[in-house]
Amino acid sequence: MAKVVKKAKKEKIPRQPMPEQAPDIRRKNFDEVPFGLSPEAAMKEAERCLQCKKPACIAGCPVEVDIPGFIQLIKDGDFQGSIRNLWAKNSLPAVCGRVCPQETQCEEVCIIGKKGEPVAIGNLERFAADYERAHGTGELPPKEKPTGKKVAVVGAGPSGLTVAGDLILKGHDVTIFEAFHLPGGVLVYGIPEFRLSNDIVFAEVDFLGKLGVKVQCNAVVGRIITLEELFEEGYEAIFLGVGAGLPNFLGVPNENLIGIFSANEYLTRTNLMKAYLFPKYDTPVIRGKNVITIGAGNVAMDSARTALRLGAKSSRIVYRRSSAEVPARAAEVHHAEEEGVEFHFLTAPTKFYGNQKGRVIGMQGLKMELGEPDDSGRRRPIPIEGSEFELECDLVIIAVGSGANPLLTKSTQGLRLNRWGYIMAEPNTGKTSLKGVWAGGDIVTGAATVILAMGAGRTAADSIHDYLTWGW
Ligand code: FAD
Ligand code: SF4
């Protein structure tokens, strides 16, 4: 009886709201939108968890974080204990607490969500990580004795950082080779500051540095050094986590007009190269007043919201399917709507118009209707004949997905690729067709999520450790 009363009491506690910047203020700055939960709010939210005997939330998490465990520690006020618990399964909790699609993973299956709102697992994860950054002792986890084995990690995105973090603790000598001048992968060049500040990612990378991981930036593997040369330099295992950063385009007339960017270039200029602080930083970016973003994934939301912050009067999303098929995280769509991004569903671009100087001034669109589901399981958009119309614009951002970067894969003999150019790797180990070479993250799965890339990194790290220890 007592248990039932306790459960009913917990169910009455409302989900603690995340305090955040008001939409009309935040659409003019690049600061993070949510402020984070206070310790009191986090402890109250943690009280909502029922500490289920068979927690569905753990099964819903791709890296099986001990969710009730870390939440219980927050409830008890043991915030440092909770971050230690999180680190056991997730080396980037500050990142995942901010960008994981919890609503389709752990929170989707949380038992509390059956009747009301699920426990705010992501917000609690973020709280624990932020508390540690602000108040932690900086104490490093214990490392195993040096094994004398050298490992090269190619790419400093979430998959590569996870491999490096796991293997350094196992006593191996790890060096990350990163093509860009800064580590972090999409976390720093793609996801904007207002969702995930670069400083948070750099703090995670610094932490790896303190553990002994070496990071060599401006190192394009496949161009300045080959995998064979890495082996000759004494590396015994190599992990490839080079991502899927090659942007797709629409293939419609006039797509090369001035003022039409791939989302990849637009976001990299703005985030990594800090174009939003031009001329303090050298890299400029076109600041459109009338902006159209094509696509409706996370990348499109990030682009449309970035355009507002760079001074756009109107920022429109053009998407060929309906709102039900939008692939972006629900929270991102909600934030975009609040900030004033307009959505044009069931609309496909068919061509762009330019002026005499070659700058984009408009887009021709075609209305669509939905047919039967296609290979992706989503209903196929079908053009409605004669429904052409025009939209004015002075900046267009194309965010319709990305593919495998061919630079490293094409220059590496014997590396088996699938027909889309992604590396073929064993799902349970990450082993590729080349002895001593593993791969994981977007370069194996195609563009996916941070947590899946980290999960692949962990799988590969376990397999690399076995190989270095036992030879298999
Ligand atoms: P990446 O993060 O792409 O990192 C690969 C790294 O390898 C890069 O730093 C690259 O410079 C480097 N590299 C490439 N080639 C070489 C080479 N030859 N030599 C050396 N280095 C090389 N996921 C979510 O879960 N939630 C989100 O909200 C979300 N939002 C996103 C927003 C944007 C704008 C984008 C683009 C993606 C988003 N994603 C999101 C997806 C997520 O970021 C990726 O799935 C994840 O970063 C993939 O990790 P990775 O380690 O495989 O590769
Ligand atoms: Fe707590 Fe929800 Fe997980 Fe149950 S399913 S343990 S209530 S977070």
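Please find, among Lys89, Lys9, Lys53, the residue that is free of Cβ contacts under 8 Å to residues at least 24 places away in the same chain and in a loop (DSSP other than H, G, I, E, B). Break it down stepwise before answering.
On the way: Lys89 fails: free of Cβ contacts under 8 Å to residues at least 24 places away in the same chain; Lys9 fails: in a loop (DSSP other than H, G, I, E, B).
Going through Lys89, Lys9, Lys53 in turn, just one is free of Cβ contacts under 8 Å to residues at least 24 places away in the same chain and in a loop (DSSP other than H, G, I, E, B): Lys53.
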*Among the residues of region 155-188, how many are in a loop (DSSP other than H, G, I, E, B) and more than 6 Å from ligand 1 (Cβ to nearest atom)?*
7
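Every residue, every condition in (1) of a type in the set (Lys, Arg); (2) modelled with pLDDT of 95 or more; (3) open to solvent by 50 Å² or more (accessible area, probe 1.4 Å), yes or no:
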{"site": "Cys49", "(1), (2), (3)": "no, yes, no"}
{"site": "Trp87", "(1), (2), (3)": "no, no, yes"}
{"site": "Asn90", "(1), (2), (3)": "no, no, no"}
{"site": "Thr104", "(1), (2), (3)": "no, no, yes"}
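Looking at region 358-408 only, could you name the residues that are in a strand (DSSP E or B) and free of Cβ contacts under 8 Å to residues at least 12 places away in the same chain? Reasoning before the result, please.
From region 358-408, those in a strand (DSSP E or B) are 359-373, 379-383, 389-392, 395-398, 402-403; that's our starting set.
Within region 358-408, Gly371, Glu372, Pro373, Arg380 meet the criteria.
Rundown of residues vs (1) within 30 Å of Arg27 (Cβ to Cβ); (2) surrounded by 24 or more Cβ atoms within 10 Å (Cβ to Cβ), yes/no style:
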{"residue": "Val154", "(1), (2)": "no, yes"}
{"residue": "Gly160", "(1), (2)": "no, yes"}
{"residue": "Leu187", "(1), (2)": "yes, yes"}
{"residue": "Ile191", "(1), (2)": "yes, yes"}
{"residue": "Gly212", "(1), (2)": "no, no"}
{"residue": "Val215", "(1), (2)": "no, no"}
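Conditions tested, residue by residue: (1) modelled with pLDDT of 95 or more; (2) charged (D, E, K, R); (3) closer than 15 Å to Ala399 by Cα; (4) in contact with a Cys (Cβ under 6 Å, 6 or more places away or on another chain).
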position: Val252; (1), (2), (3), (4): yes, no, yes, no
position: Leu257; (1), (2), (3), (4): yes, no, no, no
position: Ile260; (1), (2), (3), (4): yes, no, yes, no
position: Lys274; (1), (2), (3), (4): no, yes, no, no
position: Phe278; (1), (2), (3), (4): no, no, no, no
position: Asp282; (1), (2), (3), (4): no, yes, no, no
position: Val291; (1), (2), (3), (4): yes, no, yes, no
position: Ile294; (1), (2), (3), (4): yes, no, yes, no
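Before we move on, is Leu267 of a type outside the set (D, E, K, R), surrounded by 23 or more Cβ atoms within 10 Å (Cβ to Cβ) and within 20 Å of Phe249 (Cα to Cα)?
On the way: of a type outside the set (D, E, K, R): yes; surrounded by 23 or more Cβ atoms within 10 Å (Cβ to Cβ): yes; within 20 Å of Phe249 (Cα to Cα): yes.
Yes.
Can you find a residue in region 334-345 that is farther than 19 Å from Val188 by Cα, without any contact (Cβ under 8 Å) to a residue 60 or more places away in the chain, aliphatic (A, V, I, L, M) and outside the structural domain of Glu193 (by TED's automatic domain parsing)?
Within region 334-345, the subset farther than 19 Å from Val188 by Cα is 334-345.
Okay, now just the ones that are also without any contact (Cβ under 8 Å) to a residue 60 or more places away in the chain, so 334, 336-337, 341-345.
In the following step, the residues that additionally are aliphatic (A, V, I, L, M) were identified as 336, 341.
Subset that is outside the structural domain of Glu193 (by TED's automatic domain parsing): 336, 341.
Looking through region 334-345, at least one residue is farther than 19 Å from Val188 by Cα, without any contact (Cβ under 8 Å) to a residue 60 or more places away in the chain, aliphatic (A, V, I, L, M) and outside the structural domain of Glu193 (by TED's automatic domain parsing).
Residues that are touching a strand residue (DSSP E or B) at 6+ places or on another chain (Cβ under 6 Å), within 13 Å of ligand 1 (Cβ to nearest atom) and of a type outside the set (A, V, I, L, M, F, W, C): find the strands (runs of 3 or more DSSP E) completely inside region 189-276 holding 1 or more of those. Walk me through it before giving the result.
Numbers: elements: 214-216, 235-240, 260-262.
Here the list reads 214-216, 260-262.
Looking only at region 253-264, decide whether some residue is at positive phi and more than 16 Å from ligand 2 (Cβ to nearest atom).
At the first step, the residues of region 253-264 found to be at positive phi are 254, 259.
Among the residues that remain, those that are also more than 16 Å from ligand 2 (Cβ to nearest atom) are: 254, 259.
Scanning region 253-264, I find at least one residue that is at positive phi and more than 16 Å from ligand 2 (Cβ to nearest atom), so the answer is yes.
Return a yes/no flag: does region 70-86 have any residue that is of a type outside the set (S, T, N, Q), on the phi > 0 side of the Ramachandran plot and without any contact (Cβ under 8 Å) to a residue 40 or more places away in the chain.
yes
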*Specify which of the listed residues (Met43, Met18) is part of a loop (DSSP other than H, G, I, E, B) and at pLDDT 95 or above.*
Met18
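Being over 29 Å from Gly165 (Cβ atoms), surrounded by 13 or more Cβ atoms within 10 Å (Cβ to Cβ), away from ligand 1 (no atom under 16 Å from the Cβ) and modelled with pLDDT of 95 or more is the requirement here; does Leu391 meet it? So that I can check it myself, show each step before the final result.
Values: over 29 Å from Gly165 (Cβ atoms): yes; surrounded by 13 or more Cβ atoms within 10 Å (Cβ to Cβ): yes; away from ligand 1 (no atom under 16 Å from the Cβ): yes; modelled with pLDDT of 95 or more: yes.
In short, yes.
The values are calculated or read from the model by the stated rules, or taken from the named source; none is laboratory data. These figures come from a predicted structure and were not determined experimentally. Methodologically, a virtual Cβ is constructed for each residue, glycine included, from the backbone with ideal geometry; neighbour enumeration extends over all protein chains shown. Note: areas computed on protein heavy atoms with side chains; ligands, DNA, RNA excluded. Shrake-Rupley method; radii C 1.70, N 1.55, O 1.52, S 1.80 Å.
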